[in-house]
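The values are calculated or read from the model by the stated rules, or taken from the named source; none is laboratory data. Because the structure is a prediction, the values reported are computed rather than measured. Please note: Cβ atoms are built from the backbone with ideal geometry, for glycine as well, and neighbour counts cover all protein chains shown. Calculation scope for accessible area: heavy atoms of the full protein, side chains included, ligands and nucleic acids excluded. Shrake-Rupley method; radii C 1.70, N 1.55, O 1.52, S 1.80 Å.
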Amino acid sequence: MLAEARRGPLHGVPVGIKDMFQLPWRGPHDGTPSEQLPPGASAVFSRLRDAGAVVVGVTNMHFWGAGSTGHVSAYGPVGNPWDPSRCGGGSSGGSAAAPGARIVAGAVGVDGGGSIRLPAGYCGITGLKFTFGAIPLHGYTHEFASMDAAGPMCRDAADARLLGEVLAGRPLPPDGGAAPRVGIVRNPFWTDLDPEVQRACEDALETSGWPLQEVEIAGAEHAQITSVLRLTLEGLHTIGPDDLAEADPIMRALVKYEKLLPAELLARADLIRARIRRSLVSAFEACDVLAWPTVPAPAPPIEAPVVELPSGQYPADAANVRQSGFGNLAGVPGISAPVGLHSSGVPIGLQLQAAWGRESVLLDAAEQLERETDRAYVDALPPVAGAPA
């Protein structure tokens, strides 16, 4: 494969690609036992090939892309490179764990409800969700989805910029290096957090020296349930009896319940979605990025994917989508950058989101964080990558 690599910006660079894209030699499986599309050349694969990248593997993912932990897959759970007994995240968990473990230089993920940013936060890498529609999704199993956007998952912002330019087919030049104006949306994104996660993210913002201001986003308090409804209802038409037969009993029961939900809920969800988007227009006149923790708690154990928050114990999916679904509803770009290490031994990520089409602002900000922390977190090696335990 290396001998056949084309000359381009990624010549010979080993990359992984999420199990949702057509490849000439393999159809995507969506983390299930069965092929969901026939083999072919997806738009993402074509851009990687033309840039000279070498696709060395298909990365594992949460079954159907229907979870943020990665602990359910036909190919076994996605482990965390910092502690393989803990979740690597989902649904693009393998695309986070592989560069986190330094198996590949980068990987392609897709984010429909946090599926790039959440596993990036769990695994301590830089994950960038592009603006909706910025990267073509022909040959992607969920091409119909109104919430999904692809993006690069890499060790640091420079690598994410290079891979992101290839995926988007356009340059992402630095935007001058000015300190971004940062908006802080307290409710609900800075509430009910693991204390260490909150402290690490606050310390990162303080260290950055960026000007901070409180911002309110109309409808933000409803983003969690709205995201769940949108993700659930618009994907149900793809699940048939044969698909259900491959799922575990809990997943089958959940899908059967979801098929009983009235279509009216989708219309209600879109009213909230519109309110959030309108509010963001004015918010981004006052600030350049919005900032809050990527995940509210560290990666949980694979055997018990629940998180402990000040208010109690919750399934990780419910807690995580509160932090991430907002960006998918709005269609804005978002990035997770590593900013700390939890006492449990796994990374902590800070999420930044910018206005539509302003991916460069996010990459610039992530690079500024790297400089202010002397690259302590992007260059840190997990034990599985050869670092001393």
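Is it true that some residue in the stretch 127-144 is more than 20 Å from Ser42 (Cβ to Cβ) and touching a residue at least 60 places away in the same chain (Cβ under 8 Å)?
Checked against the condition, which is being more than 20 Å from Ser42 (Cβ to Cβ) and touching a residue at least 60 places away in the same chain (Cβ under 8 Å), the stretch 127-144 yields no hits at all.
Could you list, ordered by first residue, the pairs with Cβ atoms under 7 Å in which the first is in the stretch 267-284 and over 16 Å from Gly183 (Cα atoms) and the second is open to solvent by less than 20 Å² (accessible area, probe 1.4 Å) and in a helix (DSSP H, G or I), at least 6 apart or interchain? So the pair list comes out as Ala269/Thr226; Ile272/Thr226; Arg273/Thr226; Arg273/Leu329. Taking each residue of the stretch 4-21 that is open to solvent by 10 Å² or more (accessible area, probe 1.4 Å) and β-branched (Val, Ile, Thr) and looking for partners that are modelled with pLDDT of 95 or more and not in a strand (DSSP E or B) with beta-carbon atoms closer than 6 Å, six or more apart or interchain, yields Val13/Ala53; Val13/Ala105. Do we have Ser115 as of a type outside the set (Phe, Trp, Tyr), touching a residue at least 12 places away in the same chain (Cβ under 8 Å) and either over 19 Å from Ile348 (Cβ atoms) or not in a helix (DSSP H, G or I) (or both) here? In short, yes. Considering only residues that are in contact with a Phe, Trp or Tyr (Cβ under 9 Å, 6 or more places away or on another chain) and surrounded by 10 or more Cβ atoms within 10 Å (Cβ to Cβ), look in the stretch 236-254 and name the one that is nearest to Gly67 (Cα to Cα). Out of the qualifying residues, it is Met251. If you go through the stretch 312-320 one residue at a time, do you hit one that is in contact (Cβ under 8 Å) with a residue 40 or more places away in the chain, closer than 15 Å to Ser115 by Cβ and open to solvent by 10 Å² or more (accessible area, probe 1.4 Å)? Among the residues of the stretch 312-320, at least one is in contact (Cβ under 8 Å) with a residue 40 or more places away in the chain, closer than 15 Å to Ser115 by Cβ and open to solvent by 10 Å² or more (accessible area, probe 1.4 Å), which makes the answer yes.
Going through the stretch 326-352 one residue at a time, which ones are under 16 Å from Trp190 (Cβ atoms), in contact with a Lys or Arg (Cβ under 8 Å, 6 or more places away or on another chain) and part of a helix (DSSP H, G or I)? Answer for the stretch 326-352, where residues must be under 16 Å from Trp190 (Cβ atoms), in contact with a Lys or Arg (Cβ under 8 Å, 6 or more places away or on another chain) and part of a helix (DSSP H, G or I): just Gly327.
With respect to the conditions (1) open to solvent by less than 10 Å² (accessible area, probe 1.4 Å); (2) within 27 Å of Ile217 (Cβ to Cβ), Gly139 falls short on a single one, namely (2). Within the span defined as the stretch 150-159, one or more residues are surrounded by fewer than 24 Cβ atoms within 10 Å (Cβ to Cβ) and within 29 Å of Pro301 (Cβ to Cβ). Strands (runs of 3 or more DSSP E) wholly in the stretch 137-229 with at least 1 residues that are more than 23 Å from Glu370 (Cα to Cα) and in contact with a Lys or Arg (Cβ under 7 Å, 6 or more places away or on another chain) - which ones? Result: 149-154, 212-214.
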